[in-house]
Amino acid sequence: MSKKKREVHFTSLSIRVKLLLVMLISILLIFLTNVLMYFSVNQMTRHLDTIYAGNVQLSELEEALEKLQESMEGYLNTKTTDSMQQYYERELEFARFSENLSDSMPDDSLGMMERNIRCLSESYLKLTSATIEAKRGRNVEKYREYFEQAGNVYKYLSEMITSLNTQRFRNNTENYERISSSLSSLEKVSLFVFVLIALFDLLITFALTQRITGPLSQLSEAADQVAEGNLTQVDAVPVRDMDEIGIVTVAFNQMVSSIPGYLERLKESMEKEQELKEKELLMEAHLKDARLKYLQAQINPHFLFNTLNAGAQLAMLEGADRTYEYVQQVASFFRYNIRKDNDETTLSEEIKMVDTYIYILNVRFAGDIHFVKNIEDEELLRLPIPGMILQPIVENSVNYGVRAVEREGKIELSVYRLDDKVCISVADNGAGIEKEKLEKILSGDSLNPKGSGNGVGIHNVMQRLHLFYEGKDSFEMISEGKDMGTEVVITIPDLTETG
């Protein structure tokens, strides 16, 4: 049961995780092999250092013995202070090396020789010291006796050190050959392990590749049949693993199984559409008569508002909330246009009217205009402003900016303070305006300056602002060029404190 759960869990892993697992296993095996080789080689190296440490120690002892003998003879010949100082330094050096020798009872002949060398070294040090003291005390008889004994011990001790060093070197050579043979075997074993790891990686990679490319091949064959139109001959592609390929395969199977039903529904929809077109042709004749009658009626604003309100009430009674909201917004928009065209209003009401205008456009054009407002201080919304100032600017941003590009249209309205002024910015990400055309617009020579769709153009807005604020305002239109968007910045006095 646990094995089956583990297998199901592995099949649900993504392709990336599977590849990472294979790579991590390979790296782990190589790492463990390298660690094992490192410790093995390091252990053999330390063993080699231990083997030859005894030879180095005996060579140093023999060299110190020769220097001590030379310094003793030098003093006996010269009896100078420097030669005496040199003798004492070399005596301490030889004593230090001899103390490193073992003085315990050994089990082998080499150990016994090392212990004898240490004992002879101590005797030699006593004889050399006695020789020096006899020479300094002018005791000729004792001096000769000690000097002769010291020379005999020196020769015997030197021979013993050389003999022990030679025997140890022979033994160490045999040990070195054994270690060298072990290193060679370790090298072969390591090479064999690396070959095994490489074969393991190849097998795992091949198996994983087959598990990935196999379903892809089946999916490709099924897709070719669907492309040729053989929907009835396409069998469901089997799903092995629930990885990325498995998920795509499941989606493909669902798509293929749903295509016949979709084609049937499409056929029914086309038949219904044909029926609707026939009905529309029959209704057009009746609509023409109705339009003539409506055109003959002089619809005044009160009749228009009453008609829109009646439509809104009917939509509310029938539960059509979106239709009710839309009709209410349209009624508010037209009422504001007629009443506020030349009257003073507030920035808050102007922005509400822009919200209504954007709402109507988004209902008409399936919500493809993204409108953002950034108000630095809510107190600024009380500012007095001429009616119908912002809506024409926003309308131009829609008609000549965002409508001219395929990307999502975005209009951003910002209100903020700048020193003792208030700035109102309307920026879009639309088609932008070239420099020459921008100059014509500001001069009133282009972009329908006499009036936009609602009869109020950019030039008209500039003139009314100039009159309302007695020349204390400024109007800027900024664009970096084609497809760089456009920004209109209106700067007016801050009348929030006085107003």
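For this structure, a couple of remarks:
- Single condition Cys119 does not satisfy, out of (1) surrounded by fewer than 17 Cβ atoms within 10 Å (Cβ to Cβ); (2) within 14 Å of Tyr156 (Cα to Cα); (3) touching a Leu at 6+ places or on another chain (Cβ under 8 Å): (3)
- Only one of Glu93, Glu66, Glu114 that is closer than 17 Å to Lys155 by Cβ and part of a helix (DSSP H, G or I): Glu66
- Residue in segment 179-188 that is among the hydrophobic types (A, V, I, L, M, F, W, C) and at pLDDT 75 or above present: no
- Any hit, segment 476-496, residues being under 24 Å from Ile351 (Cβ atoms), modelled with pLDDT under 85, open to solvent by 50 Å² or more (accessible area, probe 1.4 Å) and more than 50 Å from the chain's Cα centre (by Cα): yes
- Number of positions in segment 421-460 that are modelled with pLDDT of 60 or more, under 23 Å from Gly471 (Cα atoms) and open to solvent by 30 Å² or more (accessible area, probe 1.4 Å): 8
- The residues of segment 372-399 that are in contact with a Gly (Cβ under 9 Å, 6 or more places away or on another chain) and either free of Cβ contacts under 8 Å to residues at least 60 places away in the same chain or among the acidic types (Asp, Glu) (or both), listed by number, are Glu395, Val398, Asn399.
- Residue in segment 192-214 that is modelled with pLDDT under 75, among the polar types (S, T, N, Q) and buried (at least 16 other Cβ atoms within 10 Å of the Cβ) present: no
- Test result for Val372, at pLDDT 85 or above and among the hydrophobic types (A, V, I, L, M, F, W, C): yes
- Glu114 more than 60 Å from the chain's Cα centre (by Cα) and surrounded by fewer than 17 Cβ atoms within 10 Å (Cβ to Cβ): no
- Which numbered condition Met1 misses (of (1) at pLDDT below 75; (2) within 30 Å of Phe97 (Cα to Cα); (3) open to solvent by 80 Å² or more (accessible area, probe 1.4 Å)): (2)
- Segment 467-481 - residue that is out of contact with any Ser or Thr (no Cβ under 8 Å at 6 or more places or on another chain) and among the acidic types (Asp, Glu) and, of those, farthest from Asn429 (Cα to Cα): Glu470
- Cross-chain or 6+ apart pairs with Cβ under 7 Å, segment 157-168 first and part of a helix (DSSP H, G or I), then among the hydrophobic types (A, V, I, L, M, F, W, C) and open to solvent by 20 Å² or more (accessible area, probe 1.4 Å): Leu157/Leu120; Met160/Met113; Met160/Leu120; Leu164/Leu110; Leu164/Met113; Gln167/Leu110; Arg168/Leu110
- Matching entry among Ser158, Ser109 (being on the phi < 0 side of the Ramachandran plot and open to solvent by 70 Å² or more (accessible area, probe 1.4 Å)): Ser109
- Pairs with Cβ under 7 Å, 6+ apart, first in segment 172-185 and assigned to a helix (DSSP H, G or I) and polar (S, T, N, Q), second surrounded by 15 or more Cβ atoms within 10 Å (Cβ to Cβ) and at pLDDT 70 or above: Asn172/Asn55
The values are calculated or read from the model by the stated rules, or taken from the named source; none is laboratory data. Quick caveat, the model's predicted, so the values are computed rather than measured. Ideal geometry is used to build each Cβ from the backbone, glycine not excepted, and the neighbour counts take in all protein chains shown. Heavy atoms of the whole protein, side chains included, go into the accessibility calculation; ligands, DNA and RNA do not. Shrake-Rupley method; radii C 1.70, N 1.55, O 1.52, S 1.80 Å.
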